[in-house]
Amino acid sequence: MAPSFKLVTLGCKVNQCESEELAAALAAMGLGRVDAGRDADICIVNTCAVTQRAAMQCRQAIRHEVSGNPHVRVIVTGCYAQTDPGALLRIAGVERVIGNDRKNQLPAVVAELIGADGACGCAGAAGPAEAGDRQPGHPAQHRTRAFLKIQDGCNSFCTYCIVPYARGRSRSIAPSAVLAAIAAFEAAGHREVVLTGIHIGRYGQDLDPAIDLYALLARILEARFSLRIRLSSIEPAELSDGIIGLMAENEVFCPHVHIPLQSGDDGILKAMHRPYDARQFADVVRRIRGAMPHAAIGSDVLVGFPGETAEAFANTRSLIESLPITYLHVFPFSRRPGTAAWHLPDRVDADIIKSRCAMLRTVGKRKKAEFCQSLTGTTTTVLIESKNDPRTGWSRGLSPHYQNVLIEDRCDLAENRLVDVRIVASRGESLIGRLIGVDGATV
């Protein structure tokens, strides 16, 4: 019987991409993949280190796997493995710790463990990831949407952020490789590709010859793919009028933009080393809304950065309230060793941070409900996902606006189909749609 492996992935979509690339490589070696909840011979935990809570969740996930299957051989990789391998090596049951810069060695490490007689060494700390990342891998067959990493690393060094230390300098996949990967996803039957990376607004600036994200999107448009393209998070200063116009004028691009704010106070933004102020952020959001009236506009907010006074927080809340943002991801500030913010004075009390986070999450929930209500009466195309809604039994899918849609009175729609619906109601943070067509044909 072939050895089996399990992947436990925490953190961002880039980690998800890399886990699926690894899964394809291990499957090609003849290993069998098992799902969560089942025992495997090898368990690879792909970790996140963006906050203290994320690191804690990684440690919990590792201990859970070891306690559930004492015979499993655990390999830990990802950002936490890059930034603090010693903490992970101290967890009983961990056999190898492989940093981000060595992820492409994981298939060889797995082969070594499978062939070993039990004596396994441990990788030490690794330096920052550099060029030489794998090219995009094969699409994951169990997903309706595919995630394609077009860029990795970050040069910004925001004062609160550990990611540049975990991921290294910005580096990009060649445009030809991006187009080839999208073509492979299309051939495999995927109906949507999400272009993701750590800092996709920097795409192509490290290539020779250099290009930019707008040029890449234009080349994708020229290729006339039949699937839809979604962008992951992009910095506000890098969302040009050209990119906004391209998205607004071409239905292949989903009307959905996620732009991190972090703070609405100019003093805090400067202390964070963010390259914009509140006015510039507001201008980007309004330009998006002007070009795409029904676009979903999401944002990240970091609460409790050192020096965030009541007035500074009020500025953030006021800015968000004034803008057509449709959903929020709210995070409490987390001190990370090695970052500039680790040493900053004027820390905000934990209870105050918790209270402020709760206030902003309430604002975000209301804004999302208002956005869903605004879509009532519109028609849209929904990508049917694998599982029906557990409460109603209706077919469930995702709109181009990144909204969950339940198809009224239908429980028979096949996974990975594009269906045309008229939005007839909103229910909390979901939309209710009535089926009017399947793959372009009227029903």
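The values are calculated or read from the model by the stated rules, or taken from the named source; none is laboratory data. Quantities reported herein were computed from a predicted structural model and do not represent experimental measurements. Note that each Cβ is placed from the backbone with ideal geometry, even for glycine, and that neighbours are counted across all protein chains shown. The accessibility values were calculated without ligands, DNA or RNA, using every heavy atom of the protein model including side chains. Shrake-Rupley method; radii C 1.70, N 1.55, O 1.52, S 1.80 Å.
Key figures
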read-out: Of the criteria (1) open to solvent by 10 Å² or more (accessible area, probe 1.4 Å); (2) more than 24 Å from the chain's Cα centre (by Cα), which one VAL74 fails; value: (1)
read-out: Members of segment 356-388 that are free of Cβ contacts under 8 Å to residues at least 24 places away in the same chain and in contact with a strand residue (DSSP E or B) (Cβ under 8 Å, 6 or more places away or on another chain); value: LYS387, ASN388
read-out: The listed residue being hydroxyl-bearing (Ser, Thr, Tyr) and more than 16 Å from ALA296 (Cβ to Cβ), out of THR326, THR376, THR339; value: THR339
read-out: Cβ-Cβ under 6 Å pairs, at least 6 apart or on other chains, segment 40-66 side of a type in the set (D, E, K, R), far side open to solvent by 30 Å² or more (accessible area, probe 1.4 Å); value: ASP41/PRO3
read-out: Condition met for ALA2 (assigned to a loop (DSSP other than H, G, I, E, B) and not basic (Lys, Arg)); value: yes
read-out: Those residues of segment 360-376 which are over 18 Å from ARG289 (Cβ atoms) and under 22 Å from the mean Cα position of the chain (by Cα), in sequence order; value: LEU360, ARG361, LYS365
read-out: Residue within segment 146-155 that is over 30 Å from ILE268 (Cβ atoms), in a loop (DSSP other than H, G, I, E, B) and at pLDDT 95 or above present; value: yes
read-out: Only one of VAL45, VAL74, VAL97 that is part of a strand (DSSP E or B), hydrophobic (A, V, I, L, M, F, W, C) and closer than 29 Å to ALA350 by Cβ; value: VAL45
read-out: Any hit, segment 230-247, residues being in contact (Cβ under 8 Å) with a residue 12 or more places away in the chain, closer than 18 Å to ALA180 by Cα and either not polar (S, T, N, Q) or not in a loop (DSSP other than H, G, I, E, B) (or both); value: yes
read-out: Failed condition for ALA358, given (1) assigned to a loop (DSSP other than H, G, I, E, B); (2) over 16 Å from GLY307 (Cα atoms); (3) open to solvent by 30 Å² or more (accessible area, probe 1.4 Å); value: (1)
read-out: Pairs with Cβ under 6 Å, 6+ apart, first in segment 311-335 and over 27 Å from LEU375 (Cα atoms), second modelled with pLDDT of 95 or more and polar (S, T, N, Q); value: none
read-out: ALA81, sole failed condition from (1) outside any loop (DSSP other than H, G, I, E, B); (2) among the small types (Gly, Ala, Ser); (3) surrounded by fewer than 17 Cβ atoms within 10 Å (Cβ to Cβ); value: (3)
read-out: Every residue from segment 2-23 that is of a type in the set (Gly, Ala, Ser), open to solvent by 30 Å² or more (accessible area, probe 1.4 Å) and over 15 Å from the mean Cα position of the chain (by Cα); value: ALA2
